[in-house]
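Trainee: Questions regarding the structure given below will be posed in turn.
The values are calculated or read from the model by the stated rules, or taken from the named source; none is laboratory data. None of these values were measured; they are calculated from a predicted model. Here the Cβ positions follow ideal geometry from the backbone for every residue, glycine too, while neighbour counts run over all protein chains shown. The accessibility values were calculated without ligands, DNA or RNA, using every heavy atom of the protein model including side chains. Shrake-Rupley method; radii C 1.70, N 1.55, O 1.52, S 1.80 Å.
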Amino acid sequence: MKIDKEFCHPAHPNHKLRLEYTEIPFNCDGCKEAGIGLKYKCTQCEFDLHKACAVASPTITHPFYKKCEFRFCYRPPGTVMRICDACGDDVLGFVYHCYRCGFDLHPCCANLPQILDDGENNLYLYLKVSSPCHRCGGKGAGWSYRSECKNYNLHVSCVKQLLVESWQAMYLNVDKNKVREIQTRIPKLKGSMLNHPKGRQAKVKKYSQMASGAINVIVSAILGDPTAIIAAVVGGLMPK
């Protein structure tokens, strides 16, 4: 598929948007969600769009909702607050909506790959999982990525929340105590190795390494640019 480096968008008709790459977090003026990497930008108005939002297809289907046809909307339909069925966050702007079933998906959530490769293991996207999320411990609704070994799960919503909090701490000069609080949000598997016999320490260490790789690659996909480069950049922002 050919990617235009510059074009006019209906949501911002007065000026052309130019494709560029950034390693600095931005807020998409289309879906109102966080982004990094490839974006379409108006240099005159500081207007930004995820690539997924800028070149969104008029209609899409999704394997999780086989009876649905999602239509792209520039604003949430109706008067009631709508929720993304993938991540559970509010829908505040661009959205894919199924008028038949009422489901909603942020454009970047709708484009999340079914399979991600963290360099060593595959991560599979699930509509829901029965095992607890590695971060929040919950088993509730919401899409999750699960490791190939099925021992590691992460809610899409949990990774998004952690990411935004980390960015706020780094770019908005949040109090250092808040930074330390954020850095405790991801369980420290290495620390828990002290509680295991030596025979199990190698397995726990492996899961810890898997967790780090998984978070990096999931974050890159959520931001609308699932590339190894973005994963590495975001990895530098995440708590160690």
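Trainee: Would you confirm whether or not region 109-117 contains a residue that is within 21 Å of ILE60 (Cα to Cα), of a type in the set (Gly, Ala, Ser) and modelled with pLDDT of 90 or more?
Mentor: Yes, because at least one residue in region 109-117 is within 21 Å of ILE60 (Cα to Cα), of a type in the set (Gly, Ala, Ser) and modelled with pLDDT of 90 or more.
Trainee: Collect the residues in region 42-89 that are surrounded by 20 or more Cβ atoms within 10 Å (Cβ to Cβ), in a strand (DSSP E or B) and in contact with a strand residue (DSSP E or B) (Cβ under 6 Å, 6 or more places away or on another chain), keeping them in residue-number order.
Mentor: ASP48, LEU49, HIS50, PHE70
Trainee: Just to verify a result, which residue in region 1-20, among those that are assigned to a strand (DSSP E or B) and in contact with a Lys or Arg (Cβ under 8 Å, 6 or more places away or on another chain), is least open to solvent (accessible area, probe 1.4 Å)?
Mentor: LEU17
Trainee: Still on this model: Sort out which residues of region 25-41 are free of Cβ contacts under 8 Å to residues at least 40 places away in the same chain and either under 19 Å from GLN161 (Cα atoms) or surrounded by fewer than 13 Cβ atoms within 10 Å (Cβ to Cβ) (or both), and write them in order of number.
Mentor: Passing the criteria: PHE26, ASN27.
Yes/no matrix, rows are residues, columns are (1) farther than 20 Å from ASN111 by Cα; (2) over 16 Å from the mean Cα position of the chain (by Cα); (3) not aromatic (Phe, Trp, Tyr):
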{"site": "PRO13", "(1), (2), (3)": "yes, yes, yes"}
{"site": "LEU17", "(1), (2), (3)": "yes, yes, yes"}
{"site": "CYS31", "(1), (2), (3)": "no, no, yes"}
{"site": "LYS39", "(1), (2), (3)": "no, no, yes"}
{"site": "HIS62", "(1), (2), (3)": "no, yes, yes"}
